[in-house]
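First comes the structure, then the notes that go with it.
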Protein chains: 2
Amino acid sequence: MTTDLASHLDRDAARAELFDLLRIPSVSADPAYAADVVRAAEWLRTKLGTLGFAARVDATAKHPVVYAERLDAPGKPTVLIYGHYDVQPEAPLEEWVSPPFEPTVRDGRIYARGSTDDKGQAYAHVRGVELLLAQGDLPVNVKFLLEGEEEIGSPSIIPYLQEHADELRADVILISDGSRFAADVPTITYGIRGLSYVEIHVQGANRDLHSGSYGGAAPNPINALCEIIARLKDEHGRVTIPGFYDGIEPLTEQERAMWASLPHDDAAFAASIGVPALPGEEGYSVLERIWGRPTLDVNGIWGGYQGEGSKTVIAAKAGAKVSMRLVPGQDPERITRLITEYVPQIAPAGVRAEVVPHHGGQPMKFRTDSPYITAANAALRRVYGRDAVFARTGGSIPIVAAFADILKTEVLFVDMGLNEDAPHSPNESFAVQDFENGILTSAYLLQELGQA
Amino acid sequence: MTTDLASHLDRDAARAELFDLLRIPSVSADPAYAADVVRAAEWLRTKLGTLGFAARVDATAKHPVVYAERLDAPGKPTVLIYGHYDVQPEAPLEEWVSPPFEPTVRDGRIYARGSTDDKGQAYAHVRGVELLLAQGDLPVNVKFLLEGEEEIGSPSIIPYLQEHADELRADVILISDGSRFAADVPTITYGIRGLSYVEIHVQGANRDLHSGSYGGAAPNPINALCEIIARLKDEHGRVTIPGFYDGIEPLTEQERAMWASLPHDDAAFAASIGVPALPGEEGYSVLERIWGRPTLDVNGIWGGYQGEGSKTVIAAKAGAKVSMRLVPGQDPERITRLITEYVPQIAPAGVRAEVVPHHGGQPMKFRTDSPYITAANAALRRVYGRDAVFARTGGSIPIVAAFADILKTEVLFVDMGLNEDAPHSPNESFAVQDFENGILTSAYLLQELGQA
């Protein structure tokens with residue numbers, strides 16, 4: 001099949017509809033937006049219905065799942081396209097140049113919360129299907145599974161997958177929710193990191209204290225929290241939690257060589273985020289540290305007086321949100337248990353420290369030699385004019401382990417975004433060209449899979 | 001003079017008027033309350049005017065000063081009574097049982113921001129003067145100097161003292177802005193700690209980053225800030241800033257013996273603030289650490305995502321407010337300079353750390369054998385039925401050094417409060433009995449000074 005689909009792509013309509021979806025503030029982490037999350041699900045159901053899909057919105061214990069299927073290709077493979085229509089919180093709001101839920105194009109990029117993570121990429125698949133339908137029937141059987149809880153760890157998805165396992169059966173699951181290695185380097189991702197996310201709470205006195213009357217004698221929970229956090233890593237950039245590195249699958253020589261050959265430059269990478277150095281685990285390159293080694297980062301910290309001016313107080317309590325990215329061989333529940341036991345042991349005298357768990361996610365690694373990978377590479381070659389590279393991603397997608405366990409189906413990652421999209425940051429964006437290339441990649445990929 | 005003034009004290013009127021003053025939210029640290037600060041000054045001027053004082057409100061570069069004098073005792077000593085009518089910010093508001101600016105009596109205590117620090121104590125002197133005036137003329141010449149910037153380091157007071165040095169001349173300066181050692185232990189304070197207050201700002205990348213895409217390679221300013229703070233003290237409870245302990249006046253054997261004989265109990269002290277231990281500088285008792293040794297405490301810390309749920313972000317920046325209580329021999333400006341130079345040196349690779357100074361305050365120590373001390377002890381004996389103890393305070397009162405330098409006048413501290421008043425905390429309070437005893441103490445003290 002050699003039809004050039006690009007000339008048939010209605011770019012304006014695709015963009016206008018994506019904007020409609022981006023305008024819905026479907027923030028899953030904040031209960032105040034629950035109704036908007038439902039609204040986004042309904043919008044997608046309606047759209048897929050217009051494309052001839054049997055589409056429905058299924059309620060869950062929290063946010064709904066959109067399921068749609070069009071099974072018109074007997075004897076052909078079945079492709080399950082997974083994405084999420086929920087988005088990260090917009091905070092800090094004051095740092096957005098244009099409003100997070102009013103999509104704005106600047107310099108060829110669509111600025112909005114969710115433009116790249118994940119609405120732009122998920123909707124590119126919807127438009128890819130629409131593009132193929134304008135040419136005739138779909139070359140494969142297509143199912144869409146679009147959830148509303150990915151940003152909060154997909155708490156409802158396991159029961160959902162178990163309940164609908166038969167209906168969700170497919171030959172391959174297609175996911176686009178990340179970044180290409182570089183603008184001109186199409187990328188197939190064959191691994192994701194896992195996640196363990198906790199909060200550390202430190203309690204000092206039973207009330208805030210005057211630092212003159214009590215300073216030097218009363219324990220200070222903020223100083224203590226800092227000591228705990230500082231003790232979680234050593235001077236070699238390694239996490240000190242006992243047992244943390246047990247069982248980690250080492251990087252293979254092939255991986256290290258493959259990644260070392262990628263067009264990555266430490267100085268350019270550092271300059272792109274405006275830092276003078278890239279500290280991390282000794283003995284590993286930057287790509288190895290992001291794709292193949294675990295980490296520990298404090299995502300937020302609070303305590304005491306944060307307002308204008310000075311206040312000489314010894315706060316009663318302090319806290320921090322801490323997350324660890326994990327790699328194959330590490331189990332998120334075990335890691336959470338290890339840090340839960342370790343923190344009280346390393347807390348200084350006089351304070352009480354406890355760990356409260358949040359959601360986790362399994363690390364995963366896939367085969368790089370399947371017919372699905374071959375089809376994906378062919379599709380990417382058509383759009384980008386070169387072969388794809390194979391990379392792992394530093395991010396976590398909790399549902400992928402659930403797909404492997406419950407649906408027993410291989411996952412194919414073809415990411416459309418770029419690091420500079422800044423997902424999870426203010427001024428998140430998605431290049432118009434990447435959105436359009438994503439639509440084309442999706443369409444070509446389904447064509448290639450129809451011939452696999 | 002043996003008149004029992006207690007029977008002449010109009011307790012209801014005194015309390016009602018104190019409540020009026022407490023209702024004015026004279027928060028000096030927050031520009032939003034500037035008009036209320038002025039209103040409190042005017043209220044005091046009016047009150048002192050009704051007592052026959054020549055009273056006025058003097059504008060400064062920031063908050064006004066109330067000056068009042070009644071010089072009816074030729075040949076008698078002149079007493080300058082200093083206090084402050086500004087108060088700490090009320091945050092965290094949600095922890096107050098009754099509103100901070102609606103004085104409420106519970107269990108014999110007046111709950112309001114400023115009830116003990118310092119309105120209740122300063123106003124007790126006004127009522128003490130009023131009590132004496134009801135009996136006849138004042139036994140000494142009395143001047144009131146009430147400022148509105150003590151909680152923010154009194155930035156305008158030095159120029160004010162220099163400009164009005166002649167007018168403010170006195171034989172002794174009387175200050176009540178702290179705590180007795182215990183409820184039944186009248187206390188004369190002969191030393192105060194100094195203060196160096198700074199903010200530490202740490203900058204990582206030029207924007208918030210996705211912790212999956214960048215975790216393991218990008219510097220994390222929150223982790224870095226924690227490391228910096230953890231490095232500011234060692235495992236013996238000592239501050240690590242080079243030169244920090246230079247020139248400190250050691251505690252005398254007499255002081256150590258005197259304080260060791262006070263009715264202090266570590267276990268009771270710890271239980272009163274609900275902590276299992278009282279960590280601090282090794283080799284020093286709790287009282288020695290609070291009254292005679294320097295400290296370093298983090299008063300507030302912030303960075304990253306503090307909201308509900310989880311957000312996997314590597315923040316672009318983080319910060320903390322850090323203050324050090326100082327003792328005689330340490331100069332606040334030098335200490336601020338030392339930490340400003342030290343922090344960037346101990347910052348981990350990849351981040352930029354800088355120190356921004358806030359206000360400071362000089363440490364001070366006074367003679368314990370003057371006629372003023374003798375008079376104060378006599379007054380306290382009349383009210384409490386026993387001699388006073390001599391203690392230093394852990395707090396800082398920046399103006400005291402200015403009094404010594406510019407007015408060259410000795411300071412006499414007679415504090416009316418108690419530690420459980422919880423100044424600077426939510427639910428600050430001042431016992432009704434302490435307020436009334438303070439009024440009597442003030443009146444008796446002026447009588448004793450009139451005979452000194």
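One table, with the values for the structure above:
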{"read-out": "Of residues in the stretch A:139-155 being open to solvent by 10 Å² or more (accessible area, probe 1.4 Å) and not in a helix (DSSP H, G or I), the one farthest from A:ILE399 (Cα to Cα)", "value": "A:PRO139"}
{"read-out": "Pairs where the first residue, in the stretch B:369-389, is in a helix (DSSP H, G or I) and the second is open to solvent by 50 Å² or more (accessible area, probe 1.4 Å) and among the hydrophobic types (A, V, I, L, M, F, W, C), C-beta under 9 Å, 6+ apart", "value": "B:PRO371/B:ALA452; B:TYR372/B:ALA452; B:THR374/B:ALA452; B:ALA375/B:ALA452"}
{"read-out": "Condition met for B:ARG207 (farther than 30 Å from B:GLU410 by Cα, within 9 Å of chain A (Cβ to nearest Cβ) and open to solvent by 10 Å² or more (accessible area, probe 1.4 Å))", "value": "yes"}
{"read-out": "Residues of the stretch A:40-67 that turn out to be buried (at least 17 other Cβ atoms within 10 Å of the Cβ) and either small (Gly, Ala, Ser) or within 29 Å of A:LEU132 (Cα to Cα) (or both), as a count", "value": "15"}
{"read-out": "Among the residues listed as A:ILE192, A:ILE158, A:ILE200, A:ILE173, the single one being modelled with pLDDT under 95, buried (at least 23 other Cβ atoms within 10 Å of the Cβ) and aliphatic (A, V, I, L, M)", "value": "A:ILE192"}
{"read-out": "Residues satisfying the stated conditions in the stretch A:216-248, i.e. farther than 22 Å from B:ASN220 by Cα and of a type in the set (A, V, I, L, M, F, W, C)", "value": "A:ALA217, A:ALA218, A:ILE248"}
{"read-out": "Test for B:ALA217: is it within 11 Å of another protein chain (Cβ to nearest Cβ) and on the phi < 0 side of the Ramachandran plot", "value": "yes"}
{"read-out": "Residue within the stretch A:295-305 that is closer than 21 Å to A:MET364 by Cα and part of a helix (DSSP H, G or I) present", "value": "no"}
{"read-out": "The listed residue being assigned to a strand (DSSP E or B) and of a type in the set (A, V, I, L, M), out of B:VAL400, B:VAL356", "value": "B:VAL356"}
{"read-out": "Members of the stretch A:232-269 found to be part of a helix (DSSP H, G or I) and within 14 Å of another protein chain (Cβ to nearest Cβ), listed by number", "value": "A:TRP259, A:ASP266, A:ALA267, A:ALA268, A:PHE269"}
{"read-out": "Single match in A:THR374, A:THR393, A:THR441 (criterion: out of contact with any Phe, Trp or Tyr (no Cβ under 9 Å at 6 or more places or on another chain) and not basic (Lys, Arg))", "value": "A:THR374"}
{"read-out": "Filtered residues of the stretch A:416-433 (kept if open to solvent by 10 Å² or more (accessible area, probe 1.4 Å) and either of a type in the set (D, E, K, R) or not assigned by TED's automatic domain parsing to the domain that holds A:THR393 (or both))", "value": "A:GLU420"}
{"read-out": "Evaluation of B:HIS358 against (1) closer than 30 Å to B:TRP96 by Cβ; (2) crowded, with 20+ Cβ neighbours inside 10 Å (one fails), failing number", "value": "(2)"}
{"read-out": "Strands (runs of 3 or more DSSP E) lying entirely in the stretch A:68-134 (those with 1 or more residues that are surrounded by fewer than 21 Cβ atoms within 10 Å (Cβ to Cβ) and assigned by TED's automatic domain parsing to the domain that holds A:ALA379)", "value": "A:78-84, A:104-106"}
{"read-out": "Filter pass, B:VAL97 being more than 21 Å from the chain's Cα centre (by Cα), within 14 Å of chain A (Cβ to nearest Cβ) and in contact (Cβ under 8 Å) with a residue 12 or more places away in the chain", "value": "yes"}
{"read-out": "Output for the stretch B:210-226, where each listed residue is touching an Asp or Glu at 6+ places or on another chain (Cβ under 6 Å) and open to solvent by 10 Å² or more (accessible area, probe 1.4 Å)", "value": "B:ASN220"}
{"read-out": "Residue within the stretch B:327-348 that is out of contact with any strand residue (DSSP E or B) (no Cβ under 6 Å at 6 or more places or on another chain), facing chain A (nearest Cβ under 10 Å), open to solvent by 20 Å² or more (accessible area, probe 1.4 Å) and under 22 Å from B:CYS226 (Cβ atoms) present", "value": "yes"}
{"read-out": "Residue match in the stretch B:405-415 (condition: of a type in the set (Phe, Trp, Tyr) and open to solvent by 30 Å² or more (accessible area, probe 1.4 Å))", "value": "no"}
{"read-out": "Output for the stretch A:16-39, where each listed residue is open to solvent by 40 Å² or more (accessible area, probe 1.4 Å) and hydroxyl-bearing (Ser, Thr, Tyr)", "value": "A:TYR33"}
{"read-out": "Counted residues, the stretch B:206-222 - those being assigned to a loop (DSSP other than H, G, I, E, B), under 23 Å from A:ARG392 (Cα atoms) and not charged (D, E, K, R)", "value": "6"}
{"read-out": "Any chance B:ILE229 is assigned to a helix (DSSP H, G or I) and either crowded, with 22+ Cβ neighbours inside 10 Å or modelled with pLDDT under 95 (or both)", "value": "yes"}
{"read-out": "Residues that are outside any loop (DSSP other than H, G, I, E, B) and in contact with a Gly (Cβ under 7 Å, 6 or more places away or on another chain), drawn from the stretch B:320-353", "value": "B:ALA320, B:LYS321, B:ARG325, B:LEU326, B:PRO332, B:GLU333, B:THR336, B:LEU338"}
{"read-out": "Residue count for the stretch B:309-319, restricted to those that are at pLDDT below 95 and in a loop (DSSP other than H, G, I, E, B)", "value": "4"}
{"read-out": "Test: residue in the stretch B:43-59 that is of a type in the set (Ser, Thr, Tyr), in contact with a strand residue (DSSP E or B) (Cβ under 7 Å, 6 or more places away or on another chain), at pLDDT 95 or above and in the same structural domain as B:ASP118 (by TED's automatic domain parsing)", "value": "no"}
{"read-out": "Test: residue in the stretch B:361-380 that is aliphatic (A, V, I, L, M), in the same structural domain as B:ILE222 (by TED's automatic domain parsing) and over 22 Å from the mean Cα position of the chain (by Cα)", "value": "no"}
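Matching residues to (1) crowded, with 23+ Cβ neighbours inside 10 Å; (2) hydrophobic (A, V, I, L, M, F, W, C); (3) more than 7 Å from chain B (Cβ to nearest Cβ); (4) touching a helix residue (DSSP H, G or I) at 6+ places or on another chain (Cβ under 7 Å):
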{"site": "A:GLY280", "(1), (2), (3), (4)": "yes, no, no, yes"}
{"site": "A:VAL286", "(1), (2), (3), (4)": "no, yes, no, yes"}
{"site": "A:ARG293", "(1), (2), (3), (4)": "yes, no, no, no"}
{"site": "A:LEU296", "(1), (2), (3), (4)": "yes, yes, yes, no"}
{"site": "A:ASN299", "(1), (2), (3), (4)": "yes, no, no, yes"}
{"site": "A:TRP302", "(1), (2), (3), (4)": "no, yes, no, no"}
{"site": "A:LYS311", "(1), (2), (3), (4)": "yes, no, no, no"}
{"site": "A:ILE314", "(1), (2), (3), (4)": "yes, yes, no, yes"}
{"site": "A:LYS317", "(1), (2), (3), (4)": "no, no, yes, yes"}
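The values are calculated or read from the model by the stated rules, or taken from the named source; none is laboratory data. Model, not experiment: these values are computed from the prediction. All Cβ positions, even for glycine, are placed from backbone atoms using ideal geometry, and neighbour counts span all protein chains on display. Just so you know, the surface numbers come from the protein's heavy atoms only, side chains and all, with ligands and any DNA or RNA stripped out. Shrake-Rupley method; radii C 1.70, N 1.55, O 1.52, S 1.80 Å.
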